[in-house]
2 protein chains.
Amino acid sequence: MGNILAERTVLRNPFLSAMIKAMRQSRLFTKTKKEAPADEISRNAELLIRGGYIHKEMAGVYSYLPLGFRVLKKIENIIRKEMNLVGGVEMKTAILQNKEIWETTNRWDDKEVDIWFKTKLKNGGEVGLSWSNEEDFANILKQYVSSYKDLPLYLYDFKDILRNETRSKSGILRGREFYWKALYSFARDEAEHHDFYEKMKVAYQNIFKRVGISHLTYLTFASGGAFSKYSHEFQTITSAGEDTIYVGEDKALAVNKEVMEDEVLISLGLEKNKLVEMRAIEVGNIFTLGTSKSEALNLSYTDKNGDKKPVFMGSYGIGLGRLMGTVVEVLSDDKGIVWPESIAPFAVHLLRLGEDKVVGQTAEDVYRKLSERGVEVMLDDRDNVSAGEKFADADLLGIPLRAVISERSIKDGGVELKKRTEDKGKIVSSEELLKMLKPSVIRPDAYF
Amino acid sequence: MGNILAERTVLRNPFLSAMIKAMRQSRLFTKTKKEAPADEISRNAELLIRGGYIHKEMAGVYSYLPLGFRVLKKIENIIRKEMNLVGGVEMKTAILQNKEIWETTNRWDDKEVDIWFKTKLKNGGEVGLSWSNEEDFANILKQYVSSYKDLPLYLYDFKDILRNETRSKSGILRGREFYWKALYSFARDEAEHHDFYEKMKVAYQNIFKRVGISHLTYLTFASGGAFSKYSHEFQTITSAGEDTIYVGEDKALAVNKEVMEDEVLISLGLEKNKLVEMRAIEVGNIFTLGTSKSEALNLSYTDKNGDKKPVFMGSYGIGLGRLMGTVVEVLSDDKGIVWPESIAPFAVHLLRLGEDKVVGQTAEDVYRKLSERGVEVMLDDRDNVSAGEKFADADLLGIPLRAVISERSIKDGGVELKKRTEDKGKIVSSEELLKMLKPSVIRPDAYF
């Protein structure tokens with residue numbers, strides 16, 4: 001009776017029906033590889049390519065295959081929620097960039113910005129490819145902002161960013177093309193900016209917490225580049241990182257080597273002899289831009305007293321691919337990737353071992369019921385693949401929970417359940433399994 | 001009591017709370033414009049820029065502002081669902097394109113493809129910017145497909161496409177940069193391809209139905225370009241279109257002028273004297289690619305008999321901006337845009353008229369309750385804006401349902417409700433309004 005009802009549900013919901021067809025490893029066109037590609041020296045690229053998460057197009061340029069796409073989308077949704085929570089409004093800006101606007105702020109010349117990709121319009125004129133977005137957002141706002149009543153504003157987008165990097169051997173940690181969230185804040189004055197800047201610190205910390213790397217990630221005092229004396233980076237400890245930072249564990253703070261000066265340490269209350277030198281990767285940065293850009297672009301407003309003032313800007317970036325690559329670098333073990341639940345491509349990896357009929361029916365039944373419940377599950381339904389191979393693939397792919405259905409598990413009372421981080425599994429009944437697992441927060445029909 | 005409960009709900013749900021703060025016209029940074037920009041001659045760009053939906057970066061390049069972004073996302077979700085339903089699997093391919101791969105199929109040379117944007121890598125070598133995707137998808141599959149068991153496969157992505165067009169005066173109907181869905185099918189043979197091709201016809205028809213233009217859109221017989229003799233376009237009747245088609249109303253079929261030959265008409269059972277010449281825009285196309293690309297790229301599989309065969313390919317594109325622009329072209333009236341419910345940025349435009357305290361409280365209460373119910377509502381809470389201006393803005397923005405709260409509407413019994421397509425509204429009580437409106441299918445917290 002249960003089965004008949006289940007089948008009816010599926011027929012009534014064509015999306016669920018299509019999903020149940022699709023989320024099978026036999027239908028996943030990517031296959032795992034035993035060998036790492038010879039030209040990849042980074043751990044993240046090695047594991048992600050072996051697992052079929054990404055495909056290398058050329059040095060520093062990767063496509064995201066179905067499994068990798070799911071991880072990227074989950075990271076996107078986590079970031080989106082945090083941006084919306086602080087009052088961010090999403091839009092979608094263009095990749096092709098207008099030369100004139102960047103000339104206004106003196107950032108068009110290759111001598112000033114050495115990572116531009118540029119191209120030519122067929123009917124004359126040069127255009128740039130988006131490598132950052134301050135100019136574009138400020139220029140858009142110019143036509144809408146005139147009064148103090150129009151501010152503050154917090155605008156963001158997710159977009160593909162192109163940077164003409166010479167170094168690109170770190171897999172998806174540093175790409176020539178990468179998927180990036182950038183938020184720009186437009187405040188009336190420094191005090192208003194400061195309030196928002198502090199909120200963004202918390203939002204960023206929430207993001208790193210939700211993707212599972214907060215225990216390794218430090219708010220780091222860094223150089224402010226061309227715009228301000230200092231900025232803040234979020235640095236995650238890993239030997240794959242390109243930066244050197246000095247961690248003050250007791251204060252949960254770090255200092256980037258580039259600003260490791262007595263003056264800085266005193267201002268942060270850090271003692272030099274308590275700091276530990278570490279390699280780290282910058283997974284996010286937040287910048288006070290001040291008024292230099294708004295002055296150059298003439299983005300101003302009239303305050304309550306009728307005085308014209310430049311808008312006070314800030315800039316807040318996160319590379320989604322880099323974040324994904326960092327999670328792989330810091331959480332993987334010698335068997336493969338270990339995804340945190342929040343960004344795993346699936347919540348459960350259901351393995352059917354052997355070709356026994358009862359095993360097959362049980363696996364299909366559990367798979368269907370989990371899917372109906374909204375649990376994101378991938379079924380390894382491949383024939384002629386040994387148990388050993390299926391286990392090795394499950395370890396490589398790194399889905400947080402492995403559920404094995406075999407003749408033995410059925411004899412023992414149901415399904416053998418093991419976390420990716422555990423060595424030994426335990427037997428639970430199918431009914432218990434269904435009760436244990438919560439539906440996905442993100443509707444799986446949105447992007448399976 | 002109702003109000004207290006409502007406030008508690010908001011406090012418990014920070015996303016809802018942020019949304020209620022955000023979805024106010026006083027907080028929307030874009031403002032409507034009375035005048036069309038002088039350099040825009042197309043109706044879609046005129047209305048979308050005046051409404052603050054899009055921003056022109058340069059000819060043929062537009063950014064999507066918050067309202068336009070919402071419309072684009074809804075179109076994206078409609079397309080995604082239909083693609084998933086036919087078994088499509090989503091991924092994310094790169095913009096930077098490898099010269100060598102395109103040389104293999106003889107599509108790198110500007111003499112063969114005259115819309116390439118190309119750029120140079122800093123450490124030597126030329127790369128292209130993605131204007132289409134057949135080569136890339138086929139090249140990715142090459143490493144995974146070997147047996148007939150690996151096929152068929154249907155892969156797609158949404159991406160920003162760059163084309164070096166000379167003509168670009170049609171607003172978002174023809175861009176140098178545009179957001180595009182492309183699906184590629186990989187079948188074992190022509191028969192298997194044909195089955196899927198027919199499914200895609202239906203999927204495309206569903207999409208045009210869901211975005212509200214199916215009554216003007218014809219399946220159109222067209223040239224197959226370099227790949228096959230014929231292809232199918234979906235053409236929407238509009239004077240803004242660039243194509244000429246001949247419509248056979250009784251067969252719900254059309255023929256593109258480029259293939260308007262006796263042979264074609266006979267094969268379709270169309271009579272020449274019953275056809276009506278129309279201007280139309282191609283809102284989608286589906287192509288049989290056959291085996292020419294897979295042969296050039298060496299994408300093959302071994303069949304049941306052990307014979308090596310080339311994969312049989314198809315290609316299915318939709319430009320999301322073009323679709324959005326087409327809806328504006330064909331459904332707008334002399335007062336502004338008329339969005340279908342399915343892709344409107346909001347379901348309800350709630351207008352608060354005047355600064356009366358009771359009116360203000362009632363509007364806030366209704367706004368809050370609708371938001372809590374999951375109805376996508378934008379509140380025009382602007383002070384010092386006349387009723388006439390608010391009405392004109394509502395007409396320009398084109399949200400399907402207008403709900404007015406004023407001293408008069410309250411005296412008359414509640415809220416004055418009017419569809420965008422109606423001339424006269426009617427009074428309903430707040431309670432009736434809440435009952436009438438259904439929660440949004442798409443979770444508003446995902447991208448407000």
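Screening B:Tyr184 against (1) under 24 Å from B:Glu46 (Cβ atoms); (2) over 17 Å from the mean Cα position of the chain (by Cα); (3) not basic (Lys, Arg) leaves a single unmet condition, (1). Residues of the range B:185-201 that are surrounded by fewer than 17 Cβ atoms within 10 Å (Cβ to Cβ), assigned to a helix (DSSP H, G or I) and either in contact (Cβ under 8 Å) with a residue 60 or more places away in the chain or outside the structural domain of B:Ser315 (by TED's automatic domain parsing) (or both): B:Glu190, B:Glu192, B:Lys199, B:Lys201.
So, A:Phe137, is that one within 7 Å of chain B (Cβ to nearest Cβ) and surrounded by 22 or more Cβ atoms within 10 Å (Cβ to Cβ) or not? The answer is no for A:Phe137.
Which residue is farthest from the other protein chains (Cβ to nearest Cβ), if the candidates are limited to the range B:97-114 and must be part of a loop (DSSP other than H, G, I, E, B) and within 20 Å of B:Asn139 (Cβ to Cβ)? Walk me through how you get there before you give the answer.
As a first pass, look at the range B:97-114 and keep what is part of a loop (DSSP other than H, G, I, E, B): B:105-114.
Still in the list and also within 20 Å of B:Asn139 (Cβ to Cβ): B:105-109, B:112-113.
Working: B:Thr105: 16, B:Asn106: 20, B:Arg107: 16, B:Trp108: 14, B:Asp109: 15, B:Glu112: 15, B:Val113: 12 Å.
Here the answer is B:Asn106.
When we screen B:Lys390, B:Lys357 for residues that are charged (D, E, K, R), buried (at least 18 other Cβ atoms within 10 Å of the Cβ) and farther than 30 Å from B:Ile78 by Cα, the only hit is B:Lys390.
A:Gly124 meets each of the listed conditions (1) over 23 Å from A:Phe178 (Cβ atoms); (2) at the interface with chain B (Cβ under 9 Å from one of its Cβ atoms); (3) not in a helix (DSSP H, G or I) apart from (2).
Condition check ((1) of a type in the set (A, V, I, L, M); (2) crowded, with 18+ Cβ neighbours inside 10 Å; (3) assigned to a helix (DSSP H, G or I)) across all residues:
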residue: B:Ala363; (1), (2), (3): yes, yes, yes
residue: B:Lys369; (1), (2), (3): no, yes, yes
residue: B:Leu379; (1), (2), (3): yes, yes, no
residue: B:Ala403; (1), (2), (3): yes, yes, no
residue: B:Arg408; (1), (2), (3): no, no, yes
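Pairs meeting the criteria (first residue in the range B:383-399 and closer than 15 Å to B:Val338 by Cβ and in contact (Cβ under 8 Å) with a residue 12 or more places away in the chain, second residue among the hydroxyl-bearing types (Ser, Thr, Tyr) and outside any helix (DSSP H, G or I), beta carbons under 9 Å, at least 6 apart or on different chains) are B:Ala392/B:Thr32; B:Asp393/B:Thr32; B:Leu396/B:Thr32; B:Leu397/B:Thr32; B:Leu397/B:Tyr53; B:Gly398/B:Ser332. Annotation: A:Ala182 fulfils all but one of (1) surrounded by fewer than 19 Cβ atoms within 10 Å (Cβ to Cβ); (2) touching a strand residue (DSSP E or B) at 6+ places or on another chain (Cβ under 9 Å); the unmet one is (1). Applying the condition of being among the basic types (Lys, Arg) and within 9 Å of chain B (Cβ to nearest Cβ) to the range A:48-89 and asking which residue is nearest to A:Met19 (Cα to Cα) yields A:Arg70. In this structure, B:Lys111 does satisfy being modelled with pLDDT of 95 or more and of a type in the set (Lys, Arg).
Does B:Leu351 fit the bill of being within 30 Å of the chain's Cα centre (by Cα) and not in a helix (DSSP H, G or I)? Yes. Within the range B:82-95, none of the residues are polar (S, T, N, Q), in contact (Cβ under 8 Å) with a residue 12 or more places away in the chain and surrounded by fewer than 22 Cβ atoms within 10 Å (Cβ to Cβ). Kindly indicate which of B:Leu48, B:Leu67, B:Leu5, B:Leu16 is assigned to a helix (DSSP H, G or I), more than 20 Å from the chain's Cα centre (by Cα) and either at pLDDT 95 or above or loosely packed, with under 15 Cβ neighbours inside 10 Å (or both). Just a single option satisfies the conditions, and that option is B:Leu5.
The values are calculated or read from the model by the stated rules, or taken from the named source; none is laboratory data. On a predicted model such as this, the values are computed, not experimentally measured, just so you know. Every residue, glycine as well, gets a Cβ built from its backbone with ideal geometry; the counts of neighbours run over all protein chains shown.
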